[in-house]
1. With a cap of 16 neighbouring Cβ atoms within 10 Å, and only residues DSSP puts in a loop, list the trypsin sites (Lys or Arg not before Pro) found in the stretch 127-183.
2. Rounded to the nearest 0.05, what FRET efficiency do ILE153 and ALA77 have when you use their Cβ-Cβ distance and R0 = 45 Å?
3. Simple spin-label model, 7 Å along Cα-to-Cβ: ASP11 to GLU63 in nm?
4. Using only Cα atoms and rounding to the nearest 10 degrees, what angle (0 to 90) does helix 7-26 make with the longest principal axis of the chain?
5. Using only DSSP helix segments of four residues or longer, with each worth -39500 (n - 2.57), what per-residue ellipticity at 222 nm results for the chain after dividing by its residue count and rounding to 500?
6. What residues have an amide H closer than 5 Å to that of SER123, excluding those fewer than 5 places away on the same chain, when H is modeled at 1.01 Å from N in the peptide plane?
7. Leaving out same-chain residues fewer than 8 places away, which lysines sit with a Cα under 20 Å from that of LYS139?
8. Using the alpha-carbon atoms, what tilt in degrees (0 to 90, nearest 10) does helix 47-98 show relative to the longest principal axis of the chain?
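Coordinate-derived values only; no laboratory data. Here the structure is a predicted model, which means the values were calculated and not measured. Please note: Cβ atoms are built from the backbone with ideal geometry, for glycine as well, and neighbour counts cover all protein chains shown.
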Amino acid sequence: MEQRLTTQQLDRIVGEVGRMANRQADELDRSAVLQILQELNLPPELLDEAMIQVQRKDALAREQKRNRQLAIAAVAAVVVMIVSIGIFSHNRASSIAKVTASQDRITLAQDGGENLQAVSRGSALTYRVTLNDAPVGDKLNVTCNWLNPEGKIAYTNRFDTKTITTAVWNTQCRYQMPMGAAIGAWKVQILVGDKLVEQAPFDTN
């Protein structure tokens, strides 16, 4: 069966034949090149070396082009990574900025529902905090600082929460107060990231 062509296919075939003809016209066989060299009073015995040099330069040009393309691709990848990190950091900072505390209590290790205002030295304390607007599906980096009456940090808890499953999230910090702890007005602080979310004072005796 005779194959029929569409107008678009015919145009493409004509263009391809034209390109092939141009390539053939641009290519010269060895004898033609030798003749041209003789007409130009150039030594024909250098033809082979010249062809090798041309091939080397062509290969070098292709390699340089490929290296430029790789360098551009690498720079583009770095830019995309930086932008992605920036967006992630911004979104995370926005999420942390929304976190607040709705309730906090100081209790003994065994929670009896109390909110202690004064504790005895040697007590095992737990600071229980309920967070609001916690980022669901993410984890929060939490820090608790236990400050002595001089305002110096006596102990620090630092941890990542479990993956948060609800916007209202309970977390806690623990501190085993030494028997020789300073007597006076203490304070416990809870931070999410670098943000101070809540703090509570208590006395020791």
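1. Sparse-neighbourhood loop trypsin sites (Lys or Arg not before Pro): LYS139, LYS152, LYS162.
2. Efficiency, rounded to the nearest 0.05: 0.60.
3. Once both label points are built, they end up 4.2 nm from each other.
4. Once rounded, one gets 70 degrees.
5. -14500 deg cm²/dmol
6. MET177
7. Result set, ordered by chain and number: LYS98, LYS162, LYS195.
8. Helix 47-98 sits roughly 20 degrees off the main axis of the chain.
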